[in-house]
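Undergrad: This structure is in structure tokens; I'll ask about it shortly.
The values are calculated or read from the model by the stated rules, or taken from the named source; none is laboratory data. Please read all numbers here as calculations on a predicted model, not as lab measurements. When we count neighbours, we look across all protein chains shown, and the Cβ atoms used for this are built from the backbone with ideal geometry, even at glycine. Each accessible area value is taken on the protein alone, full model and side chains, heavy atoms only, with ligands, DNA and RNA left out. Shrake-Rupley method; radii C 1.70, N 1.55, O 1.52, S 1.80 Å.
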Amino acid sequence: MIEYDILVIGAGASGLMFASQIKNKRVALVDTNAKIGQKIKISGGAKCNITNENVSENNYLGDKEFIKNSLDFFSNKDLLTFLNKNGVYPKVNPKIVKGTYFCNASSDVIDMFNKLTSHTKKILNTKVLDVDYDKEFIVKTEKGIIKAKKLVVASGGLSYTTVGASSLAFDLAKKFGHTIIPTKPALVGFTVQKEQFWFKNLSGISCDVEIKVENKKFNGKLLFAHKGCSGPAVLNASLYWQKGKLTIDFLPKKRLDSLLKGNKNISTALPLPKRFMQEFLESIDLKDKAVSSLSKEEKEKLNILKEYDFSPAGTFGFSKAEVTSGGIDTSEVDKNSFESKFQKNLFFIGECLNATGELGGYNFQLYFSQASLCASRF
Ligand SMILES: Cc1cc2nc3c(=O)[nH]c(=O)nc-3n(C[C@H](O)[C@H](O)[C@H](O)COP(=O)(O)OP(=O)(O)OC[C@H]3O[C@@H](n4cnc5c(N)ncnc54)[C@H](O)[C@@H]3O)c2cc1C
């Protein structure tokens, strides 16, 4: 049986970046999937939103100092330089979220990693089931045992089991004594309660909104869906949402009193999709009529458009969530080496850690930064 110096569980974003930077050691990557980088492949609508012009620890949920430490070591500029050097040229495309860098195609990133890890043994189509430690790591897979001196767990979170996600990182972390901060689907749409069932009648319609959640504000599209609502502003809000209310401004940067002038009907006077206005007016029991005929009370009722309080029923769940928030408590992992504070030679990187980014390339950026910092310590 070959014994590896380093076994990396997960040939995804962080595992590939890590392996690409380790030379002169017997390194193997093991993954459930038949091909590497399957989440990278479907990311950003198959164009991989790889980083952002503006990245700071404030774009993340988790321990700010832990996050900043990785971003300082390998910044968005460092990532772009690395990609360019390896023939990948992402460009800014601010259509969905400000400052986002998209690649021509996600396959460019996968091709790059295939080249950069050509020296690494790939054990694909192989699901890891469990790990034991007895002077070395004994990794049990569906196809037998793999032994390694050092183990890097880069097997991600719980989102999108269709591309190989599993609870392995959390199960192993617990086994070796780590605390798991409760996991939640994040960057995901919201399901609605009875009061918002009218959202479902608007499936396919979108509008520009500002959403306030906790102490954060997100501007962008809200997309009505047959289960509730989605779209960039909603996905971002889901990261910070804690089972309470959030507030939607359906007329961001506009004053309602200056719009409610003249003889037009409400649904025409307000710059919102007509079908939305019809459903909204019905939900607040107000007829669509000339704005000039509105009473003071009726105008006040319309103010709800600027401050629509909404308590989601829940989210669309892990099967639709782009990421998993929560995860392995970062205070139990060395912030420079990512080594477990409880088990020597055991490392955790990527989405399995309790550090999750907003929509806009922030997750790839952080997990590439962590992988680079971790690799620099080997
Ligand atoms: C639809 C979608 C779109 C996204 N778009 C973007 C985007 O544009 N920009 C962005 O920044 N982020 C995006 N993300 C999030 C981003 O893809 C993840 O945060 C990132 O890939 C996490 O990196 P990771 O290395 O931790 O895990 P992953 O990249 O998920 O890799 C983990 C790997 O571990 C393997 N694995 C899991 N369990 C086992 C096991 N038991 N045995 C063996 N192998 C195992 C998996 O098969 C997988 O290949 C998107 C996510 C989704 C689902």
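Undergrad: Please report, in debye to the nearest 20, how large the charge dipole of region 181-324 is about its Cα centre when each Lys and Arg carries +1 at its beta carbon and each Asp and Glu carries -1 there.
TA: 200
Undergrad: Now for a different question. Quick check: residue separation of Tyr89 and Ser203 times 0.36 nm, minus the Cα distance between them. What number comes out in nm?
TA: Difference between extended and current length: 37.5 nm.
Undergrad: Let me know the Rg and Dmax you get for region 190-315 when you use only its Cα atoms, in Å.
TA: 14.3, 43
Undergrad: Then there's this: Using a probe radius of 1.4 Å on heavy atoms only, what accessible surface per residue do you get for the chain? Whole Å² is fine.
TA: 45
Undergrad: Work out how much length Asn303 to Ser107 would gain on full extension: take 0.36 nm times their residue separation and subtract the Cα-Cα distance, in nm to one decimal.
TA: Contour length minus Cα-Cα distance gives 65.8 nm.
Undergrad: If you line up the long axis of helix 76-85 against the longest principal axis of the chain, both from Cα atoms, how many degrees apart are they, to the nearest 10?
TA: Taking Cα atoms only, the helix is inclined about 60 degrees.
Undergrad: May I ask which of Lys245/Lys301; Lys243/Lys320; Lys194/Lys253; Lys149/Lys341 have a Cα-Cα span longer than 27 Å here?
TA: Pairs exceeding the cut-off: Lys194/Lys253.
Undergrad: Compute the signed sum of charges (Lys and Arg +1, Asp and Glu -1) over the other residues within less than 13 Å, Cβ to Cβ, of Ile205.
TA: After counting each charged neighbour, the total is +2.
Undergrad: Give or take rounding to whole Å, what are the principal axis extents of the alpha carbon atoms in region 17-86, in descending order?
TA: 36, 34, 28
Undergrad: On to the next question. Any idea what the relative contact order of the chain is, in percent, if you count C-alpha pairs under 8 Å spaced at least 6 apart?
TA: 24 percent.
Undergrad: Okay, next question. Which aspartates and glutamates does Lys227 reach when only Cα atoms under 20 Å apart count, and residues fewer than 8 places away in its own chain are ignored?
TA: Of all the aspartates and glutamates, those that pass the test against Lys227 - Cα under 20 Å, at least 8 places apart if same chain - are Glu195, Asp208, Glu279, Glu282, Asp309, Glu322.
Undergrad: Probe radius 1.4 Å, ligands and nucleic acids ignored: give me the carbon and sulfur share of the accessible area of region 304-378 as a rounded percent.
TA: 44
Undergrad: Please list, in order along region 64-69, the HN-Hα scalar couplings obtained from phi with the Karplus expression 6.51 cos²θ - 1.76 cosθ + 1.60 (θ = phi - 60°), rounded to whole Hz, x for Gly and Pro.
TA: Whole-Hz 3J(HN,Hα) from phi for region 64-69: 4, 5, 4, 5, 4, 4.
Undergrad: Rounded to the nearest 10 degrees, what's the angle between the helix 274-283 long axis and the longest principal axis of the chain, both from Cα atoms, 0 to 90?
TA: Compared with the principal axis, the helix lies near 80 degrees.
Undergrad: Additional query: Tally Lys/Arg at +1 and Asp/Glu at -1 over every other residue whose Cβ is under 13 Å from the Cβ of Glu279; what's the total?
TA: Residues near Glu279 contribute -1 overall.
Undergrad: Which whole-number percent gives the relative contact order of region 190-315, counting Cα pairs below 8 Å spaced six or more residues apart?
TA: It comes to 30 percent, rounded to a whole number.
Undergrad: Given Cα positions, please report Rg to Rh for the chain, the hydrodynamic radius being the Kirkwood one.
TA: 1.06
Undergrad: Out of Glu298, Glu351, Glu307, any idea which swings most in a Gaussian network model of the chain, alpha carbons joined below 10 Å?
TA: Glu298
Undergrad: With Cβ to Cβ distances under 9 Å as the rule, what net charge do the other residues near Thr179 carry (K, R +1; D, E -1)?
TA: -1
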